[in-house]
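Every read-out reported here was derived from the displayed coordinates using simple, explicitly stated rules and does not represent laboratory data. Keep in mind it's a predicted model, so treat the numbers as computed, not measured. Neighbour counts are summed over all protein chains in view; Cβ atoms, including those assigned to glycine, are modelled from backbone coordinates with ideal geometry.
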Amino acid sequence: MRIAIGIDLGGTELRAAAIDETAQVLRHARLPTAAEAGPIAIVEQIARLVDNVSSGLDPTGIGIGSPGPLDAATGTVIHAPMLHGWRDVPLVQLVTDRTGLPTFLENDANAAALAEWRFGAAQGLRHMVYVTVSTGIGGGIVIDGRLLHGHRSLAGEIGHMTVTENPIPCACGGFGCWESLASGSALGRRAREAGLQADGPMTARVVAERAAAGDETARRLMAEEARYLGIGFANLLHLYAPEMIVVGGGVSAALPQMAEEIARTVSVRAMPAYADVPIRAAGLGTQAGVIGAALLALPG
Ligand SMILES: [Zn+2]
C-alpha cells in the first residue's frame with residue numbers, strides 16, 4: 001500500500017503524519033512552528049519531521065497544507081501573514097531539494113476539504129463545501145467531484161464574503177466580512193463587549209460552555225453566532241449547490257448547540273430548493289488538515 005507524508009503548516013504548530021491510502025494515520029509528530037525564523041528554518045523543521053515519521057516506511061511523496069494565499073500550481077506560498085519573512089517562498093522546490101521526495105502544496109482549508117470529502121463526513125458525495133470556523137473562517141469547495149482552485153488558487157476564501165454593511169474591521173483589511181462577524185474571535189469579542197467574564201482568554205469555547213450551563217447572556221451570544229453562521233451557509237448553498245456543508249474548526253464543537261438556530265436562519269434565507277441540504281460536523285476532527293495534505297501525494 002502506498003504511503004505519503006502530510007504536513008500541516010500552522011502559525012503556531014507544525015504537524016506531520018504518515019498516512020496510507022485508506023487515510024489511516026500510521027505515525028505522527030509535531031513541533032512548535034519557528035514562525036519568526038524565516039522560511040529556511042521551517043523547511044529544516046519540515047525535513048526533520050519527515051525523517052521522524054517516515055523511518056522504515058518508504059513514502060511516495062509529501063503533501064503540505066499551508067496558510068495562503070499560495071499558488072498550488074507553482075508550489076509557491078505568495079504570502080503567509082503569521083510567518084515572518086514569507087513572501088513568494090518556493091516551498092515545494094525547497095522541500096523537494098532538501099528531502100528528495102516529490103512534494104505538493106495546497107491551501108490548508110482546501111487540504112482539509114479534500115480529506116473530509118474523500119474520507120470524512122462527505123465521503124461518496126460529488127458536491128460539498130467545507131467550512132472551518134476557528135480564529136478565522138476558511139473553506140474548500142468540491143464541485144463535480146473536484147476541488148475548486150480558481151485564479152492563483154484563490155477560490156474558496158469564503159470567510160471574506162461581505163455579509164454586512166456594518167464596518168467591522170477584518171484581518172484581511174476589509175470590512176463586514178463573514179469572518180469578522182461569525183469567527184470564534186468575533187464571538188469572543190462580542191462576549192467581552194457583553195460583559196461576560198472568563199478566568200483566561202474569552203474564547204468561543206468559554207461562551208459555549210457558559211451557554212450550556214444556562215447563562216442567559218451566553219445563550220443569547222450563541223444564538224447570535226448561529227444566525228451569523230446561518231447567513232453565510234445560506235450564501236454558500238446559493239453559490240455552490242453542495243449536497244452537504246461540512247463544518248470543522250474549534251467552533252464546530254458547538255454545532256449541536258447551534259443547530260436549531262442555524263436551520264431556522266437557513267430556512268428563512270435560502271430558497272426552498274436547498275432546504276434539505278445537511279450541515280454536518282467534520283468527521284476527521286483536527287486530523288483533517290494533515291490527512292488532506294498527505295492525500296495530495298496519494299492521488300485517488
Ligand atoms: Zn475579510
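Electrostatic bookkeeping for residue 92 treats Lys and Arg as +1 and Asp and Glu as -1; over the other residues with beta carbon under 13 Å from its beta carbon, the sum is -3. With the cut-off at under 18 Å, measuring from each backbone N in segment 19-49 to a point 7 Å along the Cα-to-Cβ line of residue 58 picks out 19-22, 26-27. Can you work out the PRE-style zone for residue 212? Point 7 Å along Cα to Cβ, and I want the residues of segment 257-278 with backbone N under 15 Å. Inside the label zone: 257-259. Based on DSSP H segments of at least four residues, each scored -39500 (n - 2.57), the chain has a per-residue ellipticity at 222 nm of -11500 deg cm²/dmol.
Sorting 161, 222, 202 by the number of Cβ atoms found within 10 Å of their own Cβ, with the fewest placed first, yields 161, 202, 222.
Calculate, for residue 194 and residue 21, the FRET efficiency according to 1/(1 + (r/R0)^6) with r their C-beta to C-beta distance and R0 45 Å; round to the nearest 0.05. Rounded to the nearest 0.05, the efficiency is 0.40. By the beta-carbon count within 10 Å of each Cβ, the least crowded to most crowded order of 21, 106, fewest first, is 21, 106. By definition, a body whose alpha carbon gyration tensor gives a ≥ b ≥ c is oblate when a/c is 1.5 or more and a/b is not larger than b/c, and segment 27-137 fits this oblate description. Charged neighbours of residue 225, selected by a Cβ distance under 11 Å, balance to +2 (K, R count +1; D, E count -1).
Let me have the relative contact order for segment 91-245, percent, based on Cα pairs under 8 Å that are six or more residues apart.
Normalised by residue count, the contact order of segment 91-245 is 18 percent.
Derived from the Cα gyration tensor, the three semi-axes of the equivalent ellipsoid of segment 123-282 are 26, 18, 14 Å, largest first. Footprinting exposure proxy ranking of 60, 132, fewest other C-beta atoms within 10 angstrom first, gives 60, 132.
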